[in-house]
Each structure stands twice: as structure tokens, then as C-alpha cells.
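The values are calculated or read from the model by the stated rules, or taken from the named source; none is laboratory data. Everything numeric here is computed off the predicted structure, so don't read it as measured data. Counting neighbours? That spans all protein chains shown, and the Cβs are built from the backbone with ideal geometry, glycine included. Surface accessibility is based on the protein's heavy atoms, side chains included, excluding ligands, DNA and RNA. Shrake-Rupley method; radii C 1.70, N 1.55, O 1.52, S 1.80 Å.
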Amino acid sequence: MLIALKENIRARPNQTGERAICPICQGEVISKCGEINVWHWAHRAALGCDSWMENESEWHTEWKALVPEDWIEIVIEKDGRRRLADIRLPNGRIVKLQHGPLSPEQIREYEQFFGNMVWIFDVRETTETSDSFDAPRLDFRKKEMSAFAKARAGVKETPVNYRTFRWKHPRKHIGFAKKLRLLDIGNERVFKLEKLYSDPPAGGFGFMFRIENIIAWFHKQI
């Protein structure tokens, strides 16, 4: 985590070896301030803390740096449980930053607990070539919207940012999410996923945005 409590004040670590309190489990955390990994707080013993917390990555940190600090890592209490929200917007909507895979059960648990929420899935590597794939696994295309897609989006003409896609070996867990799904596809672009057909040939449709557009939308959620 990036923020812990020092004398009941939210604080980032400044040097290795500092001690603070985890806002979730009230356990002791110690600062880790190396040259490679993001400076963060680590539990001395993780037992009893939030099992949902994903290891902090550079990707998580970059997204959190795009919003005011008082929006990030907010403790949410509900039904006797405490969870840490990656980002909470001014209107209370939760933004969940998800780098790794999840089970359908975990997807449902997140959505039930947070309620009004947005997913941001890290799928950047699927839009790149690699030793295993000589073409991007996630391939976007511009084309005219079908009547069904126009009706779903509530438009009469095809928006300029509308895209269809083909996805080789898609991340099927994303298809289980019912809340708003945003895909970070790299190069400062975010894809708002409207429909994912995970069975071969996997594909779907949605809308392309710049990250700056998404952040501007966040600020309007009041």
C-alpha cells in the first residue's frame, strides 16, 4: 500500500524502516523505499488483513498519481468488513484497478461489496507483439455500428471512437464483470468495453478514449 497511518494521519513512506499502522487491520507496517520497486508500506505480518489487496505495481501507482491523493486508498466499511478502495471518486463511486486475473466468485464479491464501481483492467500486453505472438492478441477495428450496438449505446450514427475487436486468448474473467469495464490498452488509451464475446472467435465492441478523457470524467463524478 502507498498510504498508512502515522499518528492517525495518512502518510506515504519517506525512507526505509519507518513504522506506521495499516488502516485496514490496524497491524504494523514498515516502509520499503528501494531503487527498483515503488516506495510502499509492507505488513510485518499480513494475517487478518484485506485478502483482496493486490500487490502494488508501477501500473497501480501511475493510475493513482492521476487523481488527487485524498481519493486514493480509502477504507470502505460495510457489513462489519473493511476493504481498501484503490480510488474513491467524489460521488462515492469506487474505481478498482485490477492487474492480475480473478475468479468469477471474486468478481461477484467485489461488485457486491463496492456496489457503485468501475473496473480498470490492465491488458496492455495484449496489444503488443511478443516472441509468442507476431501480432497483437487484441486487435481493434473501425467499422459501422450494427443496429443492435446503436440501440444499446442510444445513438443514431456511429461515433468516431467506436471500435470492434478480435481478442485471441481473451481474459475471460473480464466477461463476468457486470459493472462498467475500462481496459487500459497502453499508449495513453482506455477502451470502454460494451460487449465481450469470449467464445471463439472472441471479440466484441466498445469505445476508445484517451486516459485524459477518463480522468476528466472522474472529476465530473460529484
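Residues that are open to solvent by less than 40 Å² (accessible area, probe 1.4 Å) and more than 19 Å from ARG181 (Cα to Cα) were ranked within region 54-71; the one that is modelled with the lowest pLDDT is SER57.
Yes or no, residue by residue, for (1) of a type in the set (Lys, Arg); (2) more than 23 Å from ILE214 (Cβ to Cβ); (3) touching a strand residue (DSSP E or B) at 6+ places or on another chain (Cβ under 6 Å):
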position: GLU18; (1), (2), (3): no, yes, yes
position: ASP50; (1), (2), (3): no, yes, yes
position: ASN55; (1), (2), (3): no, yes, no
position: ARG81; (1), (2), (3): yes, yes, no
position: ILE107; (1), (2), (3): no, no, no
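Would you confirm, using the coordinates I've provided, whether ASN55 is in a loop (DSSP other than H, G, I, E, B), free of Cβ contacts under 8 Å to residues at least 60 places away in the same chain and closer than 19 Å to GLN98 by Cα?
Details: in a loop (DSSP other than H, G, I, E, B): yes; free of Cβ contacts under 8 Å to residues at least 60 places away in the same chain: yes; closer than 19 Å to GLN98 by Cα: yes.
When the stated conditions are applied, ASN55 passes them.
I'm trying to understand the selection: among the residues of region 99-124, which are assigned to a loop (DSSP other than H, G, I, E, B), farther than 20 Å from TRP167 by Cβ and either touching a Lys or Arg at 6+ places or on another chain (Cβ under 8 Å) or open to solvent by 80 Å² or more (accessible area, probe 1.4 Å) (or both)? The one that is assigned to a loop (DSSP other than H, G, I, E, B), farther than 20 Å from TRP167 by Cβ and either touching a Lys or Arg at 6+ places or on another chain (Cβ under 8 Å) or open to solvent by 80 Å² or more (accessible area, probe 1.4 Å) (or both): ASN116. Pairs meeting the criteria (first residue in region 158-171 and touching a residue at least 12 places away in the same chain (Cβ under 8 Å), second residue in a loop (DSSP other than H, G, I, E, B) and polar (S, T, N, Q), beta carbons under 8 Å, at least 6 apart or on different chains) are PRO170/SER198.
Suppose the filter is touching a residue at least 24 places away in the same chain (Cβ under 8 Å), in contact with a helix residue (DSSP H, G or I) (Cβ under 9 Å, 6 or more places away or on another chain), assigned to a strand (DSSP E or B) and surrounded by fewer than 17 Cβ atoms within 10 Å (Cβ to Cβ); does ASP139 pass it? Yes: the conditions hold for ASP139.
Evaluating ASP122 against the criteria (1) without any contact (Cβ under 8 Å) to a residue 40 or more places away in the chain; (2) acidic (Asp, Glu); (3) in contact with an Asp or Glu (Cβ under 6 Å, 6 or more places away or on another chain) leaves one unmet condition, (1). Can you tell me which residue within region 76-89, out of those that are surrounded by 14 or more Cβ atoms within 10 Å (Cβ to Cβ) and touching a residue at least 24 places away in the same chain (Cβ under 8 Å), is nearest to PHE218 (Cα to Cα)? Filtering region 76-89 for residues that are surrounded by 14 or more Cβ atoms within 10 Å (Cβ to Cβ) and touching a residue at least 24 places away in the same chain (Cβ under 8 Å), the one nearest to PHE218 (Cα to Cα) comes out as LEU89. Inside region 10-28, residues that are open to solvent by less than 50 Å² (accessible area, probe 1.4 Å) and out of contact with any Pro (no Cβ under 9 Å at 6 or more places or on another chain) make up a count of 9.
For region 159-197, the set of residues classified as open to solvent by 40 Å² or more (accessible area, probe 1.4 Å) and among the hydroxyl-bearing types (Ser, Thr, Tyr) consists of TYR197 only. In a residue-by-residue description of region 188-210, the property of being of a type in the set (S, T, N, Q) and out of contact with any helix residue (DSSP H, G or I) (no Cβ under 6 Å at 6 or more places or on another chain) applies to no position.
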